[in-house]
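Before any comments, here is the structure.
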Amino acid sequence: MQQQAVEHLDVLTKTGLKTGVSKPRGDVHRNGDYHRAVHVWLFAERTQELLLQRRASCKDSWPDLWDISSAGHISAGDSSLITARRELEEELGVILPKDAFELIFIYLQHSVINDGKYINNEFNDVYLVTTLDPIPLEAFALQESEVSAVKYIFYEEYKRLLAKEDSDYVPYDVNGEYGQLFDVIEKRYKENTVARSLTLQKQISRYAPVSLSAELSGLSDLDRKALGLVVKAAAVMDEIFLLQSWYSNPALSDWLKEYADSSELNKLKWSYYQINKSPWSSLDEDVAFLTTADSAIRLFSNATRTVRDWKGVEYRAAFPVSKPACANFYPPDMDKMEFDLWKDSLEKDEQKEATGFFSVIKRHSEFILDSHQSASKGSSHDLYIVPYSEEYQPLLVKAADLLHKAGDITDSPSLKRLLHSKADAFLSNNYYDSDIAWLELDSKLDVTIGPYETYEDKLFGYKATFEAFIGIKDDEATAQLKLFGDNLQLLEQNLPMDSAYKSKDVSAAPIRVIQLLYNAGDVKGPQTLAFNLPNDDSIVKDRGTSMVMLKNVSEAKFKHILLPIAAACVAEEQQEHVDFESFFTHTICHECCHGIGPHTITLPNGQKSTVRLELQEFYSAVEEAKADIVGLWALRFLISQDLLSESLLKSMYVSFLAGCIRSVRFGLEEAHGKGQALQFNWLYEKGAFVWKTEGTISVDFTKIEGAVESLSREILTLQAKGDKEAAGLLLQKYSVLSEPLKVALKKLETIQVPVDVTPTFPIASKILQ
């Protein structure tokens with residue numbers, strides 16, 4: 001008879017991190033080692049019942065008692081979500097896809113039983129599976145060695161039995177951490193609809209609705225025809241971005257849209273979802289404004305064995321309350337240590353692809369589970385790479401087809417080249433040529449489309465999201481801005497940092513000013529005023545970057561947001577210095593300054609790297625702060641060189657102060673908000689911003705220059721050294737809501753100044769109808 005393999009468990013530290021050691025399960029419980037397990041609860045929404053299993057009499061802990069629907073240890077090398085799915089299948093015969101499982105909390109369980117021979121120090125990942133109705137008991141296929149029976153019980157009754165420590169039930173402290181299970185259910189299903197509607201109305205009212213259009217008379221007839229196809233291709237970026245945010249997000253979007261007209265509350269849910277493009281609120285540090293109880297109902301007919309006249313399991317497509325740092329780029333149960341161990345085992349070119357912009361990371365074990373294959377002895381690592389061209393193939397084929405058709409029609413040579421090369425890139429996953437074509441674009445119809453920004457990847461900041469910006473070039477405004485691109489090398493040579501870190505060959509960044517007529521994809525929450533692309537360091541090194549300014553968006557924000565902020569928060573005697581020219585000029589300079597300073601760097605050990613790779617999850621916030629503060633330094637420098645008017649001097653600092661307060665309102669989870677808080681608090685600490693007794697803030701013009709220069713030097717130097725620790729400490733100390741910021745934000749909330757704008761696009765809407 002074949003001997004059964006002994007189950008090994010990963011030994012963890014007291015904080016839940018892997019030690020790199022694994023031991024047999026018996027040894028772990030004898031020694032009281034910290035380890036990990038999963039708890040899976042099946043909850044029937046309509047009857048408000050939880051499924052319990054009776055533990056088999058042969059179990060070494062709590063035999064014959066009623067317990068969690070399904071639970072089990074995470075074996076050494078296995079992952080949490082895969083274990084949760086596998087345990088449910090093995091113990092109860094229930095097979096469900098990953099979008100049925102919602103991680104609701106992690107619970108550390110300490111218990112000693114069996115006369116001290118069984119010590120349990122266990123981190124439990126607690127999952128909730130929400131079904132519409134109870135699963136018929138005859139549908140379950142019970143694993144006799146683990147489970148002797150199952151039953152459904154009303155969740156409040158179960159909570160009461162646990163509270164009185166009923167001897168038929170495995171004990172859980174419902175007044176302690178485990179009470180979260182019951183709190184989650186109660187909060188979801190006993191909500192006050194009126195109060196929730198009022199909260200959503202308040203959240204929506206923070207955005208001022210604006211209609212953005214552009215004059216099309218400058219377009220040729222052929223470019224007008226091409227525009228229709230380009231807008232349709234841009235709309236596909238929305239579909240891809242929803243999927244990149246979270247795997248059940250597209251189903252949630254479809255569901256909310258379908259039921260938007262069924263009640264006032266559902267209409268508000270859909271309105272606010274359209275602003276955020278996910279269930280997490282951008283302006284509230286990504287706190288969820290929806291729950292899985294609001295999500296799509298999906299039918300899985302093969303989830304259990306067949307029961308007559310029962311169609312199968314209907315469940316809610318789940319998403320976690322906390323926005324996952326991994327988005328949908330990595331497995332939801334992957335941590336940094338697992339990724340780094342796997343990455344270090346790869347060849348150099350594969351390492352580059354794993355940390356590159358245009359791939360997702362998946363699990364072999366998930367593929368095996370989903371395809372019902374038996375595990376094969378392949379790679380020793382569970383992770384593998386899937387390029388975007390494969391992951392999003394159907395949507396990218398659709399977008400590529402539309403871009404090729406538009407490229408065939410347009411009579412602008414540079415636009416023709418961009419559209420065809422971008423369509424090719426969607427299918428080949430090689431974006432180099434299309435990014436060069438974008439840098440060289442010189443067309444009245446201005447198009448930016450593809451995967452660019454990495455803000456959504458909060459785990460590493462590696463993976464790019466799809467986006468699109470379609471506009472009409474403002475030739476007059478573009479001509480006025482040539483000054484900045486022409487002087488980038490001059491700015492680089494005079495940056496406040498050690499000369500050893502300065503680049504000798506900064507390419508001038510061309511600047512295009514457009515009137516935006518449509519955006520799509522990763523344009524959720526606060527609207528961008530400008531962007532500086534591409535982000536690929538190899539292209540930045542070879543060819544530099546190009547900048548696109550969205551003038552009509554800037555005008556809308558200045559009018560609806562910046563002026564009211566200045567009136568409320570800036571000292572009265574300085575309010576006259578807040579003007580659109582300064583606001584817009586600093587926005588331009590911010591984008592230019594992404595192109596200067598450290599990008600490709602040499603580490604202290606002589607190894608070549610990039611700032612993005614070294615700073616990882618801190619990169620986006622630090623880079624935004626750099627572009628802002630160095631942008632302010634650069635304006636002062638250009639004035640000192642008589643390249644800009646001296647009249648800008650006071651207005652640029654006071655407009656910047658109002659802009660700081662504007663951006664901090666985006667929340668400190670967002671890169672721009674985090675970066676602006678850092679700058680505000682640094683300048684406040686140095687006395688450059690002065691908090692007055694009446695609660696307004698002014699600029700001390702004698703101290704502002706020195707404070708701007710010192711922060712510029714600090715950020716540029718830590719970037720040049722690739723010093724992640726210094727970046728983390730800087731953000732930890734300064735990216736906080738200090739008292740002046742709290743008072744300013746409270747004041748703005750009281751007088752209800754919008755936080756941002758939410759645009760509608762009449763020209764694009766007509767095309768898409």
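Under the condition of being more than 15 Å from the chain's Cα centre (by Cα) and touching a residue at least 24 places away in the same chain (Cβ under 8 Å), which residue from region 240-252 is most open to solvent (accessible area, probe 1.4 Å)? Applying the filter and picking the extreme gives A251. Just to be sure, is H586 assigned by the TED database to the domain that holds L716, assigned to a helix (DSSP H, G or I), open to solvent by 30 Å² or more (accessible area, probe 1.4 Å) and closer than 22 Å to L748 by Cβ? Judged against the criteria, H586 is not a match.
Candidates are the residues of region 450-509 that are over 17 Å from A634 (Cα atoms) and assigned to a helix (DSSP H, G or I); the one that is modelled with the lowest pLDDT is Q480. For region 665-673, state whether one or more residues are touching a residue at least 40 places away in the same chain (Cβ under 8 Å) and under 23 Å from A634 (Cα atoms). Yes, some residue in region 665-673 is touching a residue at least 40 places away in the same chain (Cβ under 8 Å) and under 23 Å from A634 (Cα atoms). When region 218-239 is filtered for residues that are among the hydrophobic types (A, V, I, L, M, F, W, C) and surrounded by fewer than 24 Cβ atoms within 10 Å (Cβ to Cβ), the ones remaining, listed by number, are L219, L222, L229, A235. Scanning region 701-709 finds no residues that are among the polar types (S, T, N, Q), open to solvent by less than 40 Å² (accessible area, probe 1.4 Å) and modelled with pLDDT of 95 or more. The set of residues from region 157-170 being in contact (Cβ under 8 Å) with a residue 60 or more places away in the chain and surrounded by 14 or more Cβ atoms within 10 Å (Cβ to Cβ) comprises Y158, Y169, V170. Of the strands (runs of 3 or more DSSP E) lying entirely inside region 595-693, those carrying at least 3 residues that are not charged (D, E, K, R) are 600-602, 689-691. Scanning region 399-424 for residues that are surrounded by fewer than 16 Cβ atoms within 10 Å (Cβ to Cβ) and in contact with a helix residue (DSSP H, G or I) (Cβ under 6 Å, 6 or more places away or on another chain) gives a single hit, D411. For region 270-377, the helices (runs of 4 or more DSSP H) that sit wholly inside it and include 2 or more residues that are hydrophobic (A, V, I, L, M, F, W, C) and either open to solvent by less than 60 Å² (accessible area, probe 1.4 Å) or in contact (Cβ under 8 Å) with a residue 40 or more places away in the chain (or both) are 336-344, 364-371. Selection of region 114-141 for residues being hydroxyl-bearing (S, T, Y) and surrounded by fewer than 18 Cβ atoms within 10 Å (Cβ to Cβ) yields only Y118.
Beta carbons closer than 6 Å, at least 6 apart along the sequence or on distinct chains, never pair a first residue in region 553-568 that is over 16 Å from P526 (Cα atoms) and outside the structural domain of S663 (by the TED database) with a second that is open to solvent by 20 Å² or more (accessible area, probe 1.4 Å) and among the charged types (D, E, K, R). Within region 743-761, none of the residues are modelled with pLDDT of 95 or more and assigned to a helix (DSSP H, G or I). Mind telling me which of the residues T83, T47 ends up being surrounded by fewer than 17 Cβ atoms within 10 Å (Cβ to Cβ) and either of a type in the set (S, T, Y) or in contact with a Cys (Cβ under 7 Å, 6 or more places away or on another chain) (or both)? None of the others qualify; the one that does is T47.
Are any residues in region 628-664 crowded, with 24+ Cβ neighbours inside 10 Å and among the basic types (K, R), and if so, which ones? Within region 628-664, just R662 meets the criteria. Taking region 256-269 as the range and being touching a residue at least 40 places away in the same chain (Cβ under 8 Å) and within 24 Å of the chain's Cα centre (by Cα) as the test, the residues that pass are L268, K269. Of the residues making up region 195-217, those that are hydrophobic (A, V, I, L, M, F, W, C), in contact with a helix residue (DSSP H, G or I) (Cβ under 9 Å, 6 or more places away or on another chain) and surrounded by fewer than 18 Cβ atoms within 10 Å (Cβ to Cβ) are I204, L216. Considering region 517-544 alone, what residues qualify as being assigned to a loop (DSSP other than H, G, I, E, B), in contact with a helix residue (DSSP H, G or I) (Cβ under 6 Å, 6 or more places away or on another chain) and farther than 22 Å from D284 by Cβ? P534 - this is the single residue of region 517-544 that is assigned to a loop (DSSP other than H, G, I, E, B), in contact with a helix residue (DSSP H, G or I) (Cβ under 6 Å, 6 or more places away or on another chain) and farther than 22 Å from D284 by Cβ.
Among Y684, Y734, which is the only one that is among the aromatic types (F, W, Y), touching a residue at least 24 places away in the same chain (Cβ under 8 Å) and open to solvent by 40 Å² or more (accessible area, probe 1.4 Å)? It is Y684.
The values are calculated or read from the model by the stated rules, or taken from the named source; none is laboratory data. In this text, all values refer to a predicted model and were calculated from it rather than measured experimentally. Note: ideal-geometry Cβ built from the backbone for every residue, glycine included; neighbour counts use all protein chains shown. For the accessible areas, the whole protein counts, side chains as well, though only heavy atoms, and no ligand, DNA or RNA atoms are used. Shrake-Rupley method; radii C 1.70, N 1.55, O 1.52, S 1.80 Å.
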